[in-house]
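The values are calculated or read from the model by the stated rules, or taken from the named source; none is laboratory data. As the structure is a prediction and not an experimental result, all values here were calculated from the model. Backbone-built Cβ (ideal geometry, glycine too); neighbour counts: all protein chains shown. The area values use the complete protein model at the heavy-atom level, side chains included, leaving out ligands, DNA and RNA. Shrake-Rupley method; radii C 1.70, N 1.55, O 1.52, S 1.80 Å.
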Amino acid sequence: MMQSPVSPASLVDPDALEALLSLSQGDDVDAPTLRAFLAGAHERMKQRFLTRTPATELVHLRAAVIDDVVQRAWRKFGLHTVPHALLAVGGYGRGELHPYSDVDICILLSREPTADEARGMESFLAFLWDIGLEIGHSVRTVADCVERAIGDITIMTNMMEARLIVGPVSEFDALCAALTRADIWPADDFFKAKAHEQEQRHQRHNDALNQLEPNVKESPGGLRDIQVISWVANRHFATYGLETLVGHGFLTAAEFETLERGRNYLWRIRCALHFLAGRREDRLLFEHQQRVAVVFGYSDDSVNRAVEQFMKTYYRTVRELSALNEMLLELFQEAILQRDRSARAAPLNRRFQIRNGYIEVAHDKVFLRTPPALLEVFLLLQKNPAIKGVRASTIRLIRESLHLIDDKLRRDIRARSLFMEILRQPRRIGHELQRMHRYGVLAAYLPVFAKVEGLMQFDLFHVYTVDEHSLFVLRNMRRFSYPITESDQPPLVRQIIEQIPKLELLYICGLFHDIGKGSGRDHSEVGAEAAAEFCALHGLSSFDTNLVTWLVKNHLIMSATAQRKDIYDPEVVKDFGELVGDIIHLDYLFLLTVADVRGTNPELWTSWKESLLSELYVATRRLLRSGAEHYQDRVARLSSIKNEALKELDFTRFRESTVAMLWDTLSEPYFMRHRPYEIAWHTEVILTADADDLPVIAIRNFEKRGSTAIFIYAQDMDYLFAIASAALDRLRLDVQDARIITSESGFTLDTFMVLEADTRKPVTDPARVHDIQSKLRTALRSKSLAASPRVPSHYARRLKHFSVPASVEFTPDFVHKRTVMEVIAADRPGFLSVIGSAMQNCGVRLHDARIATFGERVEDYFYLTDLENQPVDDESTQICLRTEILNTLRELDK
């Protein structure tokens, strides 16, 4: 069914190959020599690839080499005299073999083979394995092929691409005739099956991990998507190859060129992956991305690394191929499978109408005569939710009309009004902006958005490209008002979203907050400038413009404050409140921050992070409402906290004087850094503890904190923080926050806020709680610091490709008379125990910790004093800490 590939002579000397085979006696083949002979051909193919021979030439050339080998081997084992045929199927049938692709063949039987024929076939197949070919084979009659194809769409697809290598043409023709019968996978059934198969494949390969390390063959927009277009159309037209579809009017010349260019680009990447890995490898793993970028000639520049430039081209290519795949499959269903289903068009206005529930242009000159209609179509979809989608023929016309979106149109009041009306619609904003993005309209209308299309950052924190992330942020914003799941609308978000006067301002912030990335400047500054220009062009008031530009410029400050500072410190809240200025700015900033964090990485948003942002919002709102001059001073705040905690206590179990005696041993920072309900809980645990059964390990979930609190009450001891951290790490618990308090009576009150490492959720299983208590108590009683665990292989594979230079820096905290130690390093198991051990060895005391992980990078802040509770401003102590931490981390990496 497929044509033969090119001549193999440029890679393999056919006379030399024949000589090697003829030297073998009977079935006794010199496999090692033949394997080395083929390895030489493989190496020549690799060198040609590295010297820029097109992959399109090499994949056909390898198929030709394998053809030559198997034809000669078929004769070698006497099979050229039998009435059976040898077929290439699948990719080999198409004449496309990448360096380490499997070689799929089918021995097509004309009848039951004789004993001698069967032995010859077995020897033939064994020979192919012995000389190093990865063979996938089947032995079937025409009837067997038909029966298997009827029951399995994958087998049917493979057989459609069968190609005769050697043997009777009559057998091959019989197979072709049998498989093209009208009752075997008619075009509509075949289309439905392949569409369903593609949908399932996309679901498997479209999660966050596959966004970071895509599969060039199976991921959306990959090689398989191109093949699906060819398969379904060729099944209908009974033709083979993409180029034949132009003649049938299914593909335009421009679409064929896009598909061919995209296929050739992905072939080049796939060849590079195979050669670099030395095996079949279709995944663009981190370890390969940088090396492929070098092979492709990219180099770091002042703005973007080579790997980021390469991956930007990759993401743009697969996005275009994915959009084309979607459009062409819809077109096939609409223009071919449903061609005979007559349906009257219902006019929507002079430019658009509805047919079969889908919107389409009233005539093919609509966009040419009225260019703003390129935006209007999306507004109509928003206003008419009953419309199922856009007719494929209209999608094609939109794609072909993108050149009409120029500076003249962007200045057209009709276009500007339409775009703002799209943003002001009550529903389907995220959905239609995504559609505009897929069709190319959004980037055409906002050239600044086009600059970030496909732009990625080579790390584990930013899962999505900048354009995808921005649209995810918009989707999150819409779900604040119209949640799909309960988690889409946290309680505080629901309360705030109802108070927002102009939601379109929030959406503009979502579009522009990261649009300055890749510019070489502070992306927040660049984004604010672009947002100001957009607001001016679209007629926003000066107040609205200033609000939008401020939000874009400062979109990171709330997250940074919540994760890196002590939000229970009134001074921190006061400083943040002064920066925000008023409740309107605070409301918008909170919603933008939540949507941004949730749209960066699915694993980034946790209940703990939600609680931090919510608490910062509530405290700041209280400050802004009362005014800074009325904000409680430390003495009044301390008294208020104690009174609230007393209300939480059950005095049928304790005497107030007993509580007072305990609290007298606790310092002011203890009360300032804990909520009243936490203080009450700690008090109950301590007063009911058996003094002979220390340490006490208490575990409790606080809904307000979004995490599990592990409270340790014990006599102060060396290495307690390090021992506890190591134990929690071995228990697969991620520490989000740590507060360390030592009472005047020599007891430590340590609170670790944790989440399950695997689920990023609080601990809820009672058996799990008991296990944590038991193992943590055992570790603390042993008073021995376990060796820091080495980085497991699955961590190491991913982390080793990201350069995160470890650093330890110190800054004074004059207000609280402490020293802040900032540690930046690659994430790894046992990290906190390394820090704890260094603190103990260098004679410093930990009072508080802020734990923040950003993909492969940790940025942790530790609030320290010396053993006399004075700031750690001694240079020798700082050097000791820095040296201990950096040396230990280097040892772990060996």
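The figures follow:
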read-out: Stokes-Einstein diffusion coefficient of the range 304-418, Kirkwood radius over Cα pairs, 20 °C, 1.002 mPa s, in µm²/s; value: 134
read-out: Heavy atoms of residue 417 accessible to a 1.4 Å probe, total area in Å² rounded to 10; value: 60
read-out: GluC sites (Glu not before Pro) restricted to the range 80-138 and DSSP loop, no more than 15 other C-beta within 10 Å; value: 134
read-out: Cβ-based net charge around residue 324, under 13 Å, with every Lys or Arg adding one and every Asp or Glu removing one; value: -1
read-out: Heavy-atom accessible surface of the range 114-220: percent carbon and sulfur, 1.4 Å; value: 52
read-out: Inverse mean reciprocal Cα-Cα distance (Kirkwood Rh) of the range 142-188, Å; value: 11.0
read-out: Residue-averaged [θ]222 nm for the chain, counting only DSSP H segments that reach four residues, each worth -39500 (n - 2.57); value: -17000 deg cm²/dmol
read-out: Mean shadow area of the range 95-139, taken as a quarter of the surface of its Cα convex hull (nm²); value: 3.6
read-out: All Cα pairs of the range 194-278, percent lying beyond 17 Å; value: 55
read-out: Cα-Cα over 20 Å, subset of 565/817; 783/817; 704/761; 217/312; 451/517; 312/517; value: 783/817
read-out: Three semi-axes of the equivalent ellipsoid, the range 247-330, Cα gyration tensor, whole Å, largest first; value: 28, 16, 11
read-out: Per-selection Kirkwood Rh - the range 536-642 (Cα, Å, 1 d.p.); value: 15.0
read-out: Per residue accessible area of the chain, 1.4 Å probe, in Å²; value: 43
read-out: Pairwise label distance in nanometres, residue 80 with residue 663, each label 7 Å out on the Cα-Cβ vector; value: 10.0
read-out: Around residue 584: net Lys/Arg minus Asp/Glu count, Cβ-Cβ under 12 Å; value: -1
read-out: Rg(Cα)/(2.2 N^0.38 Å) for the range 402-536, N = residue count; value: 1.08
read-out: Point-to-point label distance, residue 169-residue 806, nm (Cα→Cβ direction, 7 Å offset); value: 7.1
read-out: Per-q log10 I(q)/I(0), the range 441-519, q = 0.22 Å⁻¹ (Debye; single scatterer per alpha-carbon; no solvent); value: -1.02
read-out: Alpha-carbon centroids, the range 91-127 and the range 318-337: separation in whole Å; value: 35
read-out: Compactness index (Cα Rg / 2.2 N^0.38 Å), the chain; value: 1.15
read-out: Cα-based equivalent ellipsoid of the range 487-552: semi-axis lengths in Å, sorted from largest, via gyration tensor; value: 24, 16, 8
read-out: Area accessible to solvent at residue 144, 1.4 Å probe radius, in Å²; value: 60
read-out: The range 119-261, dipole about Cα centre (Lys/Arg Cβ +1, Asp/Glu Cβ -1), debye to the nearest 20; value: 100
